[in-house]
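Engineer: Mind looking over this structure? Questions follow.
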Amino acid sequence: MRVLSGIQPTGNLHLGNYLGAIRNWVRMQDEMDADSQCFFFLADMHSITVHENREQRIRNVRDMAAALVAAGIDPDRSVLFNQARVPAHAELCWLLSGTARIGWLNRMTQFKDKAGKDREGASVGLFVYPVLQAADILVYNATHVPVGEDQKQHLELARDIATKFNTDFGVDLFTVPDPTIPKESARIMSLRDGTAKMSKSDPSDMSRINLTDDDDAIMQKVRKAKTDPEPLPDTAIGLAGRPEANNLVGIYATLAGTTPDAVCAEFAGKGFGAFKPALGELLVEAMRPMRTRFMELRTDDAALDAILEKGAAKASAAAEPTLRAAYDAMGLMR
Ligand code: TYM
């Protein structure tokens with residue numbers, strides 16, 4: 001088994017990233033057997049699609065590295081690196097751009113969402129983004145890619161590119177990867193709007209729980225989270241058509257390691273005035289140790305850089321044979 005996943009180092013790690021993806025990364029790392037390997041990286045090359053100044057980008061990469069280690073990624077057991085230190089990703093992206101079709105990219109909902117109305121004004125990078133993501137995955141022949149629900153379409157594209165490349169060049173080079181998407185927390189929604197996903201780019205900080213939020217901020221965000229006036233139902237079926245209630249119960253269930261049905265049974269008939277403090281406590285207990293560790297780690301840039309450099313050397317060595325075989329399959333002499 002080869003596990004690979006990435007996160008954009010733009011802004012803070014939030015609860016959606018943690019429950020949707022990173023918790024699964026840590027679980028897969030911890031359950032890894034001797035024949036398996038885990039690769040986790042900071043998608044800084046993808047982050048060029050968001051304008052940032054040099055200093056901010058450098059800080060963001062180091063902070064996200066600290067956040068992942070704080071969340072439980074162990075750089076001695078997993079290969080942890082930033083994409084820009086491993087040029088094989090960008091090289092394979094170019095090779096795969098001959099295989100990916102414009103029609104496929106035109107269907108990507110993330111591009112449509114991020115480009116907004118001004119399609120002509122969007123960067124080429126934003127459009128080609130999913131091809132680089134395919135290269136990230138295929139260059140390591142990853143078998144399992146733990147992500148949240150929003151990345152499913154990009155994963156399907158990576159599968160299509162792998163299959164078409166193998167067929168077009170008559171090789172059995174790329175492994176067709178499987179997404180690993182959690183059942184309960186695949187899509188954590190905004191605390192202000194149960195129909196929008198929790199996201200780094202939401203202008204309202206009240207919409208998300210950040211790794212850097214202190215205990216009071218977490219309690220306040222939960223207290224102010226949007227809800228409806230109905231009490232909690234006795235089973236999860238009663239959450240249908242109540243997106244905010246559904247989201248909060250889902251977060252509670254994930255953190256408590258139980259099901260939405262069990263949470264409803266526990267709080268049946270009670271209002272959010274009773275439920276929210278319990279959810280706040282759970283969140284505070286889950287986030288506090290991570291935040292403390294993160295704050296320590298981010299004070300030592302040299303140590304973080306050393307982790308990423310070491311990871312990049314291992315990643316480059318793992319990527320090189322596949323990259324070489326791709327050039328060769330295409331008749332590109334080096
Ligand atoms: P990114 O940085 O937006 O998010 C990182 C991971 O967090 C998950 N996630 C969520 N899960 C549940 N609920 C949410 N509200 C939520 N918000 C984010 C994402 O699904 C993701 O797993 N394109 C990717 C980064 C990437 C990548 C890759 C991932 C680049 N190359 C190769 C996997 C494999 C992205 O922007 O994720």
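The values are calculated or read from the model by the stated rules, or taken from the named source; none is laboratory data. None of the values given here were measured: they were computed from a predicted structure. We place every Cβ from the backbone using ideal geometry, glycine too, and count neighbours over all the protein chains shown. Quick note on the areas: whole protein, heavy atoms, side chains included, nothing else; ligands and nucleic acids left out. Shrake-Rupley method; radii C 1.70, N 1.55, O 1.52, S 1.80 Å.
Engineer: For F165, which of the numbered conditions (1) over 16 Å from the mean Cα position of the chain (by Cα); (2) among the aromatic types (F, W, Y); (3) within 13 Å of the ligand (Cβ to nearest atom) fails to hold?
Structural biologist: The failed condition is (3).
Engineer: Something else about it: Using the structure shown, decide if L4 is over 29 Å from D328 (Cβ atoms), open to solvent by less than 20 Å² (accessible area, probe 1.4 Å) and hydrophobic (A, V, I, L, M, F, W, C).
Structural biologist: Spelling it out, it is not the case that L4 is over 29 Å from D328 (Cβ atoms), open to solvent by less than 20 Å² (accessible area, probe 1.4 Å) and hydrophobic (A, V, I, L, M, F, W, C).
Engineer: Out of all the residues in the range 56-89, which are open to solvent by 20 Å² or more (accessible area, probe 1.4 Å) and in contact with an Asp or Glu (Cβ under 6 Å, 6 or more places away or on another chain)?
Structural biologist: R62, A84
Engineer: Let me ask another. Take the residues in the range 106-126 that are acidic (D, E) and more than 12 Å from the ligand (Cβ to nearest atom), then tell me which one is least open to solvent (accessible area, probe 1.4 Å).
Structural biologist: Top of the filtered list is D118.
Engineer: Looking only at the range 167-198, which residues are open to solvent by less than 20 Å² (accessible area, probe 1.4 Å) and either free of Cβ contacts under 8 Å to residues at least 60 places away in the same chain or over 21 Å from G241 (Cα atoms) (or both)?
Structural biologist: Hits for the range 167-198 are F174, P177, S190, L191, G194.
Engineer: Would you list the strands (runs of 3 or more DSSP E) that sit entirely within the range 1-105 and hold 1 or more residues that are within 25 Å of L255 (Cβ to Cβ) and within 13 Å of the ligand (Cβ to nearest atom)?
Structural biologist: 2-7, 37-42
Engineer: Taking the range 215-237, which residues are farther than 15 Å from H14 by Cβ, surrounded by fewer than 17 Cβ atoms within 10 Å (Cβ to Cβ) and not basic (K, R)?
Structural biologist: Residues satisfying the conditions are D215, D216, Q220, D228, P229, E230, D234, T235, I237.
Engineer: Mind listing whichever residues of the range 168-184 are within 10 Å of the ligand (Cβ to nearest atom) and touching a Phe, Trp or Tyr at 6+ places or on another chain (Cβ under 9 Å)?
Structural biologist: Hits for the range 168-184: nothing passes.
Engineer: Return the pair list, or none, for Cβ contacts closer than 6 Å from residues in the range 1-30 that are under 19 Å from R192 (Cα atoms) to residues that are more than 9 Å from the ligand (Cβ to nearest atom), at least 6 apart or on different chains.
Structural biologist: N12/N210; N12/L211; N12/T212; L13/A67; L13/L211; H14/N210; L15/I209; L19/T254
Engineer: Identify the residue in the range 199-214 that is in contact (Cβ under 8 Å) with a residue 24 or more places away in the chain and open to solvent by less than 40 Å² (accessible area, probe 1.4 Å) and, among all such residues, is farthest from the ligand (Cβ to nearest atom).
Structural biologist: So, considering only residues that are in contact (Cβ under 8 Å) with a residue 24 or more places away in the chain and open to solvent by less than 40 Å² (accessible area, probe 1.4 Å), the one farthest from the ligand (Cβ to nearest atom) is D213.
Engineer: Out of all the residues in the range 90-105, which are among the aliphatic types (A, V, I, L, M) and open to solvent by less than 30 Å² (accessible area, probe 1.4 Å)?
Structural biologist: L92, L95, L96, A100, L105
Engineer: Related question: Mind telling me which of the residues A186, A162, A158 ends up being at pLDDT below 95 and in contact with a helix residue (DSSP H, G or I) (Cβ under 6 Å, 6 or more places away or on another chain)?
Structural biologist: A186 is the lone residue from the list that is at pLDDT below 95 and in contact with a helix residue (DSSP H, G or I) (Cβ under 6 Å, 6 or more places away or on another chain).
Engineer: List pairs: first in the range 270-298 and part of a helix (DSSP H, G or I), second of a type in the set (V, I, T) and open to solvent by less than 30 Å² (accessible area, probe 1.4 Å), Cβ under 6 Å, 6+ apart or cross-chain?
Structural biologist: K276/V222; L279/V222; G280/V222; L283/I218; V284/I218; L297/V69
Engineer: As an exercise: evaluate Y129 against (1) more than 8 Å from the ligand (Cβ to nearest atom); (2) aromatic (F, W, Y); (3) surrounded by 22 or more Cβ atoms within 10 Å (Cβ to Cβ) and give the number of the one condition it does not meet.
Structural biologist: Checking Y129 against (1) more than 8 Å from the ligand (Cβ to nearest atom); (2) aromatic (F, W, Y); (3) surrounded by 22 or more Cβ atoms within 10 Å (Cβ to Cβ), the one that fails is (1).
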